[in-house]
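The block underneath contains the structure these notes are about, expressed in structure tokens.
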Amino acid sequence: MKIALIGYGKMGKAIEDVAVQRGHEIVLKIDIGNLSQFNEITLAKADVAIEFTTPHSAYQNIMTCLEAGTAVVSGTTGWLSKFEEVVKFCREHNGSFLYASNFSVGVNIFFEINKLLARLMSNQSEYNARLKEIHHTEKKDAPSGTAITLAEQIIEKIPRKLKWVNQASADPGDLEIISERIDPEAGTHLVRYSSAIDDIEISHIAHNRKGFAIGAVLAAEFLKGKKGTYTMKDVLAFDLK
């Protein structure tokens, strides 16, 4: 498979290493220094583009890929106010798009555990749910996209939680997300349910970027030749019946 890397920072380089190890070819690397090469002609060389950039540039990067007819996998967070616009454009133009707030196989299993635990806790009003996420200091957005996904899953299952907030809160309707930025942290997410009697906690702790890179390449392999919009749940084919 021929891959275009849109964003060639630490994640882009980690994805390149995994992709080459799996027998794929990197035909395009776009970063801040060669944006003029990011166009329909260069994208035509690629079967799939993998986009890891910044919140302020992700939307346009994804749209550039879709306008060029190139399938695109995106893992950039912090831009999702325009997510539905991308999905609509993709469907109207018979494009291919896959987004995940986190590509780690372990994190996506963690998402499923989080949903199950939230459902079990939905009627246990004596427990209060809180989240904490820790990342490296170069991460641009807070809370992380992964933490937001976890929070939204909890809010969907627990009616007493009305919204998430990125700070400590005494409002019982708020779901706290506490964000910390500490180097060289790769990514830690904790979900805790606390009561006067006991605490229940689940966590995912990343040791390095490789898990995210492997997941992104798996997503690209999945997306090649397909049309439509997908998530990592499609890639991993979870069957939780």
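Laboratory data are not the source of any read-out in this text; all were calculated from the coordinates shown. Only a predicted model underlies this, so the values are computations on that prediction, with no experimental measurement involved. Counting neighbours? That spans all protein chains shown, and the Cβs are built from the backbone with ideal geometry, glycine included.
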Inset, instruction - Give me the distance in nm between label points sitting 7 Å out from Cα along the Cα-to-Cβ direction at N208 and D141, one decimal. - result: 2.6
Inset, instruction - Please state, to two decimals, what the Cα-based radius of gyration of the range 121-180 comes to when divided by 2.2 N^0.38 Å (N = residues). - result: 1.13
Inset, instruction - At 0.36 nm per residue, minus the direct Cα-Cα distance, what do H56 and E112 gain on full extension? Give it in nm, one decimal, please. - result: 17.2 nm
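Using r as the Cβ-Cβ distance of V20 and N166, and R0 as 30 Å, what FRET efficiency do you calculate, to the nearest 0.05?
Computed FRET efficiency for V20 and N166 comes out at 0.20.
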Inset, instruction - Straight distance only, please: which lysines reach the Cα of K210 with their own Cα at less than 18 Å, same-chain residues fewer than 8 apart left out? - result: K10, K13, K139
Legend entry - Difference of contour (0.36 nm per residue) and Cα-Cα distance, V87 to K233: 50.9 nm
Legend entry - Charged-residue dipole, Cβ positions (Lys, Arg, Asp, Glu), the chain about Cα centre, Debye nearest 20: 420
Inset, instruction - Using just the helices of the chain, give the 222 nm mean residue ellipticity in deg cm²/dmol: DSSP H runs with n ≥ 4 each add -39,500 (n - 2.57), and the total is spread over all residues, rounded to 500. - result: -11000 deg cm²/dmol
Legend entry - Estimated inter-spin distance, K224 and S194, nm [label 7 Å along Cα→Cβ]: 4.8
Legend entry - For the range 105-205, Kirkwood radius (reciprocal of mean inverse C-alpha pair distance, Å): 13.7
Inset, instruction - Take every DSSP beta bridge whose two residues both sit in the chain, then give the antiparallel share in percent to the nearest 5. - result: 35
Legend entry - Residue-wise HN-Hα coupling along the range 207-215, computed from phi with Karplus coefficients 6.51, -1.76, 1.60 (Hz; x: Gly, Pro): 8, 6, 7, 4, x, 5, 5, 4, x
Legend entry - Whole-Å semi-axes of the chain's equivalent ellipsoid (Cα gyration tensor): 34, 18, 16
Legend entry - Cα-based reach from K115 at 23 Å (exclusive), listing lysines while leaving out same-chain residues under 8 positions away: K132, K157, K161, K163, K233, K241
